[in-house]
Amino acid sequence: MPTTAQATVTVIGLGPMGRALAGTLIKADETVAVWNRTPGTASPLLERGAQWANSPAEAIAASPVTLINVVDHDAVDQILSSAESVVEGRSIIGLTSDTPERARHTARLVADRGGRYLDGAIMTPAYTIGTPSASILLSGPRELFAEHQALIEHLATPTWLDDEPGRAAAHDVALLDLFWSTISGFLHATALARAEGISPTAFVPFAHGIREILPAIFDGFAERAEQNRHDDPVSMIRSIRASLAHLISATHDRGLDAAALEAMRGYLDRAERAGHGEDEVTRILETMSRG
Ligand code: NDP
């Protein structure tokens, strides 16, 4: 494998996403150093001019700015810890998805070694990287973002959020919560419809009808949440609870699991027991916490 020369950017982690990042940077005429735990993955990139580094330390030393894109922040922190003092004076851009706490921990680890850290959450699939539809949310020092903005723009449309390093990961986990809850809801509804003899393709146009009313509901509920205002409801907790009870019965009648619906009923029950049965459903923001 070629030995490391001075590069303009380093990419650590060459899974599907890391390969897309490194390949896009090569296409943008950057001089790219790469390291991956399994070296063989790097071969197609090396053929395109990437420079192989023999260790994370060598990779970070090869350029002023390193993008780290691996499976989770345990791996990120192992990589950074093994690089020791090489991190000093360099920029690290973490593009690995994990919790906000893990992002903050990595930011401290980099700062303790004299480096500067920007955390990023990649919001779109690997195949979008290098196109305008790719999106990366970033948090960490604004001047560090400004310094590397042009580099990041080769990869995606960046949105800087805040100096607080956990902010990008906080958006990421909240948006993934929305995404997977929605997918789970759609698939559960499809299973219930199918159990009642409605084919999935006949059902989906009606599901789109629900999707179309959601943007206005999101906006109205966000405003209520912001103002902590739950009075004057469009539909009361008490009546939603009754309709949810029918829905759970229909689900059980068809032998389907109703755990997600039962969880929602639990939030509504707690709100009603606390005397909020006549409030808007947004009141359950207060009854979702554990314990
Ligand atoms: P993975 O999440 O499967 O990560 C694979 C990479 O992590 C490989 O380079 C792998 O090395 C490396 N890795 C795993 N464990 C370790 C370890 N202990 N030490 C060092 N390296 C390790 O694949 P992706 O490329 O898909 O994702 C990378 C990140 O990008 C994730 O955080 C993911 O959530 C995020 N992301 C990915 C998207 C996508 O479309 N793929 C979309 C948006 C975000 P090895 O090759 O040796 O196994």
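With respect to the conditions (1) small (Gly, Ala, Ser); (2) closer than 30 Å to Met123 by Cβ; (3) loosely packed, with under 13 Cβ neighbours inside 10 Å, Gly197 falls short on a single one, namely (2). For Leu21, indicate whether it is open to solvent by less than 10 Å² (accessible area, probe 1.4 Å) and in a loop (DSSP other than H, G, I, E, B). Considered against the rule, which asks whether it is open to solvent by less than 10 Å² (accessible area, probe 1.4 Å) and in a loop (DSSP other than H, G, I, E, B), Leu21 comes out as no.
Kindly indicate which of Glu262, Glu223, Glu278 is under 24 Å from Leu187 (Cα atoms) and modelled with pLDDT of 95 or more. If you could, list the steps in order and put the result at the bottom.
Details: Glu223 fails: under 24 Å from Leu187 (Cα atoms); Glu278 fails: under 24 Å from Leu187 (Cα atoms).
After applying the criteria, what remains is Glu262.
In summary, Glu101 fulfils each of the numbered conditions (1) touching a helix residue (DSSP H, G or I) at 6+ places or on another chain (Cβ under 8 Å); (2) more than 11 Å from the ligand (Cβ to nearest atom); (3) closer than 26 Å to Asp177 by Cα; (4) among the charged types (D, E, K, R) with the single exception of condition (1).
Just checking, does the range 168-180 include any residue being more than 16 Å from the ligand (Cβ to nearest atom) and either more than 19 Å from Ile12 (Cα to Cα) or not assigned by the TED database to the domain that holds Leu247 (or both)? No - not one qualifying residue is present in the range 168-180. Is it true that Ala61 is touching a residue at least 12 places away in the same chain (Cβ under 8 Å), surrounded by 21 or more Cβ atoms within 10 Å (Cβ to Cβ) and over 25 Å from Leu178 (Cα atoms)? When the stated conditions are applied, Ala61 does not pass them. Suppose we keep only residues that are closer than 21 Å to Asn36 by Cα and free of Cβ contacts under 8 Å to residues at least 60 places away in the same chain within the range 89-114. Which one would you say is surrounded by the fewest Cβ atoms within 10 Å (Cβ to Cβ)? In this case the residue turns out to be Leu109.
Of the residues screened, Arg290 is one that is open to solvent by 90 Å² or more (accessible area, probe 1.4 Å) and more than 25 Å from Ala189 (Cα to Cα). Taking the criterion of being more than 15 Å from the ligand (Cβ to nearest atom) and without any contact (Cβ under 8 Å) to a residue 12 or more places away in the chain, the residues of the range 6-49 that qualify are Asp29, Glu47. For the range 161-213, filtered to residues that are more than 24 Å from the chain's Cα centre (by Cα) and outside any helix (DSSP H, G or I), the residue that is farthest from Ala250 (Cα to Cα) is Ser199.
For the range 126-158, filtering for residues that are open to solvent by 60 Å² or more (accessible area, probe 1.4 Å) and within 16 Å of the ligand (Cβ to nearest atom) leaves 3.
Selection of first residues in the range 213-224 that are over 16 Å from Thr182 (Cα atoms) and of second residues that are modelled with pLDDT of 95 or more and surrounded by 11 or more Cβ atoms within 10 Å (Cβ to Cβ), restricted to Cβ pairs under 7 Å at least 6 apart or on distinct chains, gives the following pairs, ordered by first then second residue: Phe221/Thr282; Arg224/His230; Arg224/Glu280; Arg224/Thr282.
The values are calculated or read from the model by the stated rules, or taken from the named source; none is laboratory data. Note that the structure is a prediction, hence the values are computed from the model and not measured. Glycine also receives a Cβ, built like all others from the backbone with ideal geometry; neighbour counts cover every protein chain displayed. What goes into the accessible areas is simple: the full protein's heavy atoms, side chains included, and nothing from ligands, DNA or RNA. Shrake-Rupley method; radii C 1.70, N 1.55, O 1.52, S 1.80 Å.
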